[in-house]
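First comes the structure, then the notes that go with it.
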Amino acid sequence: MPMHVAVAVSGRGSNLEALLRALGPDAPARVVLVLSNRADAPALERAAAGGIASVTLHDHAASGEWLAALDRHAVDLLVLAGYLKLVPAEVIARYRGRIINIHPALLPKFGGPGMYGRRVHEAVLASGAPESGATVHLVDEVYDRGAILGQARVPVLPGDDADRLAARVLEVEHRLLPAAVLAAAAAGRPVPIHEPVESHQ
Ligand code: GRF
């Protein structure tokens, strides 16, 4: 039986789409559920196009809807892919060690509350760091703090602005996240990723 994966989203859903594309019909993991805190998230259209069940959370801070949906779909792994709110503590407790997040920088730097979207890339550029990248990590009660499972690095190039850097990072996100899910499916739980994900740009 494939590992049942739920993906939580708040916006665009390009990582969801990359995951759906990477997991063919015979893959050892299958996205069975998409959860969103926003009814207007474009990611929900991507879920519908893929024939995936979705739930819009009426109260994203309450655990009841989360747990009911995760139970209903017998979810083994919860993936946060552009989910911008905190996951309720009861959900973290029930799924401890089985929730992963993708972050568009090299944690432990450039993470934490408020560090999402353009702000992350602006902070990287302002720091003068020669490289950035993406991180997949376990999720606990604190934003961006859980154990790091894998990273992919990209250079910061002369003339970069936040949009150019974001696009370069996103390209590796779209390969790092499927690699993390496939590694989890092979091991039965999230584990460190060993295959390197290189920048193609
Ligand atoms: C990605 O950069 C991800 O790392 C971050 O939020 C963004 C989501 O993009 N957590 P998308 O919705 O997957 O296109």
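Couplings for segment 118-130, taken from phi via the Karplus curve 6.51 cos²θ - 1.76 cosθ + 1.60 with θ = phi - 60°, read 4, 4, 4, 6, 5, 5, 4, 5, 5, 6, x, 4, x Hz in order; Gly and Pro are left as x. Residues whose amide H comes within less than 5 Å of that of Asp76, counting only those at least five positions distant or on another chain, are His4, Val5, Ala6 (H built at 1.01 Å from N in the peptide plane). Per residue, the solvent-accessible area of segment 56-201 (1.4 Å probe, heavy atoms of protein chains only, all protein chains present) comes to 47 Å².
The share of accessible area on the chain that comes from carbon and sulfur is 55 percent, using a 1.4 angstrom probe. Remark: accessible surface ordering of Ile99, Ile148 (largest first) is Ile148, Ile99, probe radius 1.4 Å. Note on Ala61 and Asp26: the model spin-label points, each 7 Å out from Cα along the C-beta direction, lie 4.8 nm apart. Per-residue ellipticity at 222 nm, computed for the chain from helices alone with -39500 (n - 2.57) per DSSP H run of at least four residues, works out to -10500 deg cm²/dmol. Classified by the C-alpha gyration tensor, the chain has a prolate form. Its axis ratio a/c, with a ≥ b ≥ c, is 1.5 or above, and a/b is larger than b/c. Taking a probe of 1.4 angstrom, what is the accessible area of Thr56 in Å², to the nearest 10? Rounded to the nearest 10, that gives 50 Å².
Under 5 Å from the amide H of Leu57 lie the amide H atoms of Ser36, Asn37, Arg38, each residue being 5 or more positions distant or on a separate chain, with H modelled from the backbone and absent for Pro and chain starts.
The values are calculated or read from the model by the stated rules, or taken from the named source; none is laboratory data. Keep in mind that what you see is a predicted model, and the values were worked out from it rather than measured. Positions of Cβ are backbone-derived with ideal geometry, glycine not excepted, and every protein chain shown enters the neighbour counts. Please note that ligands, DNA and RNA were not included when accessible areas were found on the heavy atoms of the full protein model with its side chains. Shrake-Rupley method; radii C 1.70, N 1.55, O 1.52, S 1.80 Å.
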